[in-house]
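The values are calculated or read from the model by the stated rules, or taken from the named source; none is laboratory data. Keep in mind that what you see is a predicted model, and the values were worked out from it rather than measured. Here the Cβ is made from the backbone with ideal geometry for all residues, glycine too, and neighbour counts use every protein chain on show.
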Amino acid sequence: MAVTTNIPLQTIVQTVRDNVSQVIVGKEQAIDLLLVALFCQGHVLLEDVPGIGKTTLAKTLARSLDCRFQRIQFTPDLLPSDITGVSVFNQKTDEFEYRPGPIMAQIVLADEINRAGPRTQAALLEAMQERQVTVDGATRPLPQPFLVLATQNPIELEGTFELPEAQLDRFLMRVKLGYPDYEEERQILRRFKAEDPLTQVEAVLTAVDIHHGSQQCRQVFVHPVLEEYLLDIIHATRTQETIQLGASPRASLALYHTSQALAAINGHHFTTPDHIKQLVIPVLAHRIILSSEARLRGKTAEEILTALLEQIPVPVEEIWENS
């Protein structure tokens, strides 16, 4: 049974956490990042090696929401019309009728998104940015909320197409799960030994709850000193020799709003430097392009951003907390 909007956001969030934890062992940080994206109404790219649980996590979150869910399995022969829908001529009415594609849902799982060709991937661009689709010249709004959870395998090259920068920039965050530790994997073995616990997951959050939570997140206070700290990080990505293309204004807005949401889901009424630092890699790593020299040296975006954070002075606590 879904919760009501009269309950504080932190309680709502804990209800979802507990629901997802019926299936997912550990991964608290990844779950929180997905909740941040949900309340920011932004899209998430789940990227990691096969078998880590990317699709299971996405499906568990979707089942926890009382929203219309569709899964799209991306393959090389998938066409744009397979996503957006198509107009079909009805001989009885002597008119063309629009038959909606799976994109006309509230939660869309784009499984193995990099297996489809560039033309099909491009069909998602309008939907992800403008929350609408255009088919045969007619533009149709998407239902609200609208969230794309995409998965991809970063190590497999055969039969895949690299996502262009324009599409990567549409993702609010890129989240990596990582391997479970020894005890977590033991719990996975025991939890899945008899049946799939995903079948027991019920919806605990409605679309109205999500909208209400989004409004609460936007009310979180961000001190001007922390705005400057955030902008120092963004502008540092544009001056680093190891970075060819730095973070865009869209990235700074993403970092700003996600820091508000992370503070809100943890019961805070204001952001802290830790909230911003925790989100720098998920929000910025997939948006910057490294220089050719940095790539030749085997550097990663995560390593460069981590080093960058160590160079930027963190605001003194008394300045932002006691204002």
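Of note:
- Matching option when the condition is more than 18 Å from the chain's Cα centre (by Cα) and either outside the structural domain of A307 (by TED's automatic domain parsing) or modelled with pLDDT under 85 (or both), among Q187, Q240, Q167: Q187
- Among the numbered conditions (1) touching a Ser or Thr at 6+ places or on another chain (Cβ under 6 Å); (2) over 25 Å from Q215 (Cβ atoms); (3) surrounded by 20 or more Cβ atoms within 10 Å (Cβ to Cβ), the only one that L284 does not meet is (1).
- Residues in segment 211-227 that are assigned to a loop (DSSP other than H, G, I, E, B) and in contact with a helix residue (DSSP H, G or I) (Cβ under 7 Å, 6 or more places away or on another chain) were compared, and the one that is nearest to A261 (Cα to Cα) is V220.
Residue by residue, here is whether (1) under 16 Å from the mean Cα position of the chain (by Cα); (2) farther than 18 Å from E112 by Cβ; (3) in the same structural domain as T160 (by TED's automatic domain parsing) holds:
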position: S21; (1), (2), (3): no, yes, yes
position: G26; (1), (2), (3): no, yes, yes
position: Q41; (1), (2), (3): yes, yes, yes
position: L46; (1), (2), (3): yes, no, yes
position: A58; (1), (2), (3): yes, no, yes
position: D66; (1), (2), (3): no, yes, yes
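- Restricting segment 188-205 to residues that are touching a residue at least 40 places away in the same chain (Cβ under 8 Å) and surrounded by 13 or more Cβ atoms within 10 Å (Cβ to Cβ), the residue that is nearest to E302 (Cα to Cα) is I188.
- Of the strands (runs of 3 or more DSSP E) entirely within segment 76-180, none holds at least 3 residues that are of a type in the set (G, A, S) and surrounded by 19 or more Cβ atoms within 10 Å (Cβ to Cβ).
The rows are residues; the columns are (1) among the charged types (D, E, K, R); (2) touching a strand residue (DSSP E or B) at 6+ places or on another chain (Cβ under 7 Å).
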position	(1), (2)
E112	yes, yes
L125	no, no
Q129	no, no
T139	no, yes
L142	no, yes
V148	no, yes
L163	no, no
D169	yes, no
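- V208 falls short on exactly one of the conditions (1) over 20 Å from the mean Cα position of the chain (by Cα); (2) touching a residue at least 60 places away in the same chain (Cβ under 8 Å); (3) in a helix (DSSP H, G or I), and that condition is (1).
- In segment 228-271, residue surrounded by the fewest Cβ atoms within 10 Å (Cβ to Cβ) [restricted to those that are touching a Lys or Arg at 6+ places or on another chain (Cβ under 6 Å) and assigned to a loop (DSSP other than H, G, I, E, B)]: G246
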